[in-house]
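Okay, structure first, notes after.
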Amino acid sequence: MSEVENPIRIVLIDDHQLFREGVKRILAMEPSFEVVAEGSDGEVVIDIVRNYQPDVVLMDINMPNVNGVEATKKLVETFPKVKVLILSIHDDESYVTHVLKTGASGYLLKEMDTDALIEAVKVVGEGGAYIHPKVTYNLISEYRRLANDDKPETEIGFREVEYRRPLHLLTKRECEVLQLMTDGKSNRAIGDALYISEKTVKNHVSNILQKMNMNDRTQAVVEAIKNGWVKVN
């Protein structure tokens, strides 16, 4: 297999060596990735990034000396072009919003499967944003709750918006994919539900984002909920 000309250069920061080894094995499966360095604490990330100039830093949120949130803030301030993808066991939306405010480009749960890890690194490495589907659903649920709490009883809340498919904008299949995105499904799970390949799902998601003029899945789902284009629980 020939080497990729410009692989995504990755630094892995996590205080659990066995977890790092497992992640490295997964990343090594993807020809377009190159793990250039690793570390066990956020206090070393600045020096590592300065020395190895990665494209993406995969970083644990919970570390003993300098945690992932503090390290991300310092890292983004020092190296604005470097993308940070946070690894976490927490699916609470408060963690996610706090991390994203510090400048992280993505948030991935440690329960992720191989495909989710590879997809997240690719999306972030190419300048996009990635939030684990389970976390996206929690964020949207909280967004809906706050939006409804902020509105007077005489106004129409999210749950009262009439459901209608955006067939003026999306195809029937894209509407189905958008609904499953709202349900917090990963690309693989969407493919399984619709009996289509994961590659086809990715194409549908790209088309949806382009047609809706959105930068990432979370924005698209929030907009769909606001417009009543998807059913919500």
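The values are calculated or read from the model by the stated rules, or taken from the named source; none is laboratory data. Quick caveat, the model's predicted, so the values are computed rather than measured. Using ideal geometry, Cβ is built from the backbone for each residue, glycine included, and neighbour counts are taken over all protein chains shown. In case anyone asks, the SASA skips ligands and DNA or RNA and just uses the protein heavy atoms, side chains included. Shrake-Rupley method; radii C 1.70, N 1.55, O 1.52, S 1.80 Å.
At a glance:
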quantity	calculated
Options Lys185, Lys172: the member that is in contact with a Pro (Cβ under 7 Å, 6 or more places away or on another chain), open to solvent by 60 Å² or more (accessible area, probe 1.4 Å) and not hydroxyl-bearing (Ser, Thr, Tyr)	Lys185
Counted residues, segment 188-206 - those being more than 15 Å from Glu119 (Cα to Cα), part of a helix (DSSP H, G or I) and open to solvent by 60 Å² or more (accessible area, probe 1.4 Å)	1
Hits in segment 84-110 (condition: at pLDDT below 85, open to solvent by 50 Å² or more (accessible area, probe 1.4 Å) and β-branched (Val, Ile, Thr))	Thr97
Conditions (1) open to solvent by less than 40 Å² (accessible area, probe 1.4 Å); (2) modelled with pLDDT under 85; (3) over 22 Å from Val96 (Cα atoms): number failed by Arg165	(1)
